[in-house]
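Undergrad: Before I ask anything, let me first share the structure, which is written out below as structure tokens.
The values are calculated or read from the model by the stated rules, or taken from the named source; none is laboratory data. Keep in mind it's a predicted model, so treat the numbers as computed, not measured. We place every Cβ from the backbone using ideal geometry, glycine too, and count neighbours over all the protein chains shown. Just the protein is used for accessible areas: all its heavy atoms, side chains included, with ligands, DNA and RNA removed. Shrake-Rupley method; radii C 1.70, N 1.55, O 1.52, S 1.80 Å.
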Amino acid sequence: MTDTLPLSGKLALVTGASRGIGAATAEALAAGGAHVILTARTSGALEEVEERIHQAGGHATIAPLDLIDGESIGRLAQAIGGRWQALDILVLNAATLGSLAAVPAIDAKEFARLLTLNIAAPQALIAAFDAMLRASKDARVVALTSSVGAAPRAYWGAYGASKAALETLVGAYGEEVKNVSAIRTHIVDPGATRTAMRARAFPGEDPATLKGPEAVADAIVDMIAADTPTGYRTRIG
């Protein structure tokens, strides 16, 4: 990697980086010159993404962890903080769809797990890495959302509620830090994308008609590399 790359010298952390949009974003960030820390539950899949990054000449470190385990986030922050002084890019991508169900039929235990991964874990990550983000000269927090977070849809109440909450949480953080740090927050709605989650939600859909995760990843990197203002929200495709 050379110093001419737009993200050269930056440190990025991507959650849910073992497949889909997370993996594609991690690879795109590395191609842009960033050193990328990859997190997900599955170490084998993370190793595959890391290998692709290294083969392309990029730099990455894997950190397998379960974001449902709150203590794991603190341990991750401690490990990263012991090696690097600042975190420049935090991509909040990890999420679970849960079961599509009418609001009265939502399973309480599944809903609690969904909210833990989709909203409590992002809050814990922001809290754990706040000091490192503030130490950056140009930090970005990018949260992946869904159209159902802004426009309620029947049977999508659980997932949609978590995404609405995520947008509010990240937006509030951006307002809190915009005048006292170089942190900017961005919300990205990938739109219809060829991922495992999409296939589960729309089993009858032809995946060949959808854009690949790489299109979302490239748009995220372009947004980060540009002078994009805090609070920016975009839908891709």
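Undergrad: So, in the range 29-55, how many residues would count as being open to solvent by less than 10 Å² (accessible area, probe 1.4 Å) and assigned to a strand (DSSP E or B)?
TA: Summing the residues that are open to solvent by less than 10 Å² (accessible area, probe 1.4 Å) and assigned to a strand (DSSP E or B) in the range 29-55 gives 4.
Undergrad: When you scan the range 171-188, how many residues do you find that are in contact with a helix residue (DSSP H, G or I) (Cβ under 7 Å, 6 or more places away or on another chain) and in contact (Cβ under 8 Å) with a residue 60 or more places away in the chain?
TA: Qualifying residue count, the range 171-188: 0.
Undergrad: May I pose another question? Of T145, T168, which residue is at pLDDT 95 or above and either among the aromatic types (F, W, Y) or touching a helix residue (DSSP H, G or I) at 6+ places or on another chain (Cβ under 8 Å) (or both)? Step through it out loud before you land on a result.
TA: Numbers: T168 fails: either among the aromatic types (F, W, Y) or touching a helix residue (DSSP H, G or I) at 6+ places or on another chain (Cβ under 8 Å) (or both).
After ruling out the rest, the residue left standing is T145.
Undergrad: Further, regarding this structure: Looking only at strands (runs of 3 or more DSSP E) that lie completely in the range 119-237, which have at least 1 residues being among the hydroxyl-bearing types (S, T, Y), more than 20 Å from A40 (Cα to Cα) and more than 15 Å from the chain's Cα centre (by Cα)?
TA: Values: elements: 139-144, 183-189, 232-235.
Per the criteria, 232-235.
Undergrad: A further question follows. What about L13, is it closer than 26 Å to A164 by Cα, surrounded by fewer than 24 Cβ atoms within 10 Å (Cβ to Cβ), in contact with a helix residue (DSSP H, G or I) (Cβ under 8 Å, 6 or more places away or on another chain) and not hydroxyl-bearing (S, T, Y)?
TA: Here the answer is no, as L13 does not meet what is asked.
Undergrad: I need every pair where a residue in the range 33-53 that is of a type in the set (G, A, S) has its Cβ under 6 Å from the Cβ of a residue that is assigned to a strand (DSSP E or B) and open to solvent by less than 10 Å² (accessible area, probe 1.4 Å), sequence separation at least 6 or different chains.
TA: Note: pairs meeting the criteria are A34/A12.
Undergrad: So, of the residues in the range 129-148 that are in contact (Cβ under 8 Å) with a residue 24 or more places away in the chain and closer than 20 Å to T193 by Cβ, which turns out to be surrounded by the fewest Cβ atoms within 10 Å (Cβ to Cβ)?
TA: Applying the filter and picking the extreme gives S147.
Undergrad: If a residue has to be surrounded by 14 or more Cβ atoms within 10 Å (Cβ to Cβ), closer than 15 Å to A31 by Cα and without any contact (Cβ under 8 Å) to a residue 24 or more places away in the chain to count, how many in the range 203-237 make the cut?
TA: Residues in the range 203-237 being surrounded by 14 or more Cβ atoms within 10 Å (Cβ to Cβ), closer than 15 Å to A31 by Cα and without any contact (Cβ under 8 Å) to a residue 24 or more places away in the chain: 1 in total.
Undergrad: Would you confirm whether or not the range 79-91 contains a residue that is free of Cβ contacts under 8 Å to residues at least 12 places away in the same chain and out of contact with any Cys (no Cβ under 7 Å at 6 or more places or on another chain)? Lay out the reasoning, then the answer.
TA: First pass over the range 79-91, keeping only residues free of Cβ contacts under 8 Å to residues at least 12 places away in the same chain: 82-83.
After this cut, where a residue has to be out of contact with any Cys (no Cβ under 7 Å at 6 or more places or on another chain) as well, the list is 82-83.
Looking for residues that are free of Cβ contacts under 8 Å to residues at least 12 places away in the same chain and out of contact with any Cys (no Cβ under 7 Å at 6 or more places or on another chain), one finds at least one in the range 79-91, hence yes.
Undergrad: Does the range 73-94 contain any residue that is part of a loop (DSSP other than H, G, I, E, B), open to solvent by less than 10 Å² (accessible area, probe 1.4 Å), small (G, A, S) and within 22 Å of L169 (Cα to Cα)?
TA: no
Undergrad: Quick check on L100: is it open to solvent by less than 40 Å² (accessible area, probe 1.4 Å) and either of a type in the set (D, E) or within 27 Å of G149 (Cβ to Cβ) (or both)?
TA: Working: open to solvent by less than 40 Å² (accessible area, probe 1.4 Å): no; either of a type in the set (D, E) or within 27 Å of G149 (Cβ to Cβ) (or both): yes.
In short, no.
Undergrad: Follow-up. Which pairs turn up if I take residues in the range 61-75 that are over 19 Å from M132 (Cα atoms) and look for partners that are open to solvent by 60 Å² or more (accessible area, probe 1.4 Å) and in a loop (DSSP other than H, G, I, E, B) with beta carbon separation below 6 Å, at least 6 apart in sequence or on another chain?
TA: Filtered contacts from the range 61-75: D66/R41.
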